[in-house]
Amino acid sequence: MARYIDSVCKLCRREGEKLFLKGARCLSDKCSLQRRSYAPGQHGRNRIKPSSYRTQLREKQKIKRVYHLLEKQFRLTFEDALRIKGQTGANLLILLERRLDNVIYRCGFTESRKQARQLIRHGHFLINGKKVTIPSYRVRTNEEITIREKSRTIVPVQAAISAGHSVVPDWLHVEPEAFKCIVSRIPTREDITLPAQEQLVVELYSK
């Protein structure tokens, strides 16, 4: 399966803001964006002529990279959002928030979505007692997500829970001592704190 293998710090520099792709490192002095706040590459410091297309593209790239998706995955999610009643942009963000890798990150069980995806694929998480190895799985109301008993002592999980960097959203109920999270309800646009202008993505794909 295709995946991004270059430095994720370059993605933050390209978008000009922290996307929190490396967990605790993004909060430390080692953050690449703090040291080099310009875009990567030999033309990174050049001035770029603004345009509506560029603004729309950068917003799409930012959202896509925050959730650690490639173009095909993102486009398929957008097409699913089109088929749901309501505002397409809001539907898109809600579908992205419901991804299992994002939920596990939001619960504070991992330091990044990328790390959550890796642990899911290795079978460290259960949904309602059954192993799920699909990071794109969309959680539903009242589903219970737990860390397998044998996996509760692994270093990434222990480090993430001890650090406590993640702010758990209202639509999730987390019991850290039980290594458990319950999906209380489906999130709304108001629950999503990502500073995104999702309507720009809709305009881009409508061209």
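Where a number appears in this text, it was derived from the coordinates with a stated rule and is not lab data. From a predicted model like this one, the values you see are computed outputs, not experimental measurements. Neighbour counts are summed over all protein chains in view; Cβ atoms, including those assigned to glycine, are modelled from backbone coordinates with ideal geometry.
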Potential extension, Glu175-Leu82 segment - 0.36 nm per residue separation minus Cα distance: 30.0 nm
Label-point separation (nm) for Val132 and Lys150, each offset 7 Å from Cα along Cα-to-Cβ? 2.1 nm
Any idea what Rg and Dmax come out to for the stretch 159-207 if you just take the C-alpha atoms, in Å? 15.6, 49
Spin-label pair Arg58/Val167, simplified geometry with 7 Å Cα→Cβ offset, distance in nm: 2.4 nm
Within the stretch 101-132, backbone nitrogen closer than 16 Å to the virtual label 7 Å beyond the Cα of Ala159 toward Cβ: 105, 108-120
Report the far tail of the P(r) of the stretch 56-118, meaning the percent of Cα-Cα pairs longer than 15 Å. 51 percent
How far apart, in nm, are two points set 7 Å out from the Cα along the Cα-to-Cβ line at Arg75 and at Arg140? 3.0 nm
At 4 °C and a viscosity of 1.567 mPa s, what translational diffusion coefficient does Stokes-Einstein give for the stretch 100-186, taking Rh as the Kirkwood radius over Cα pairs? Give it in µm²/s as a whole number. 104 µm²/s
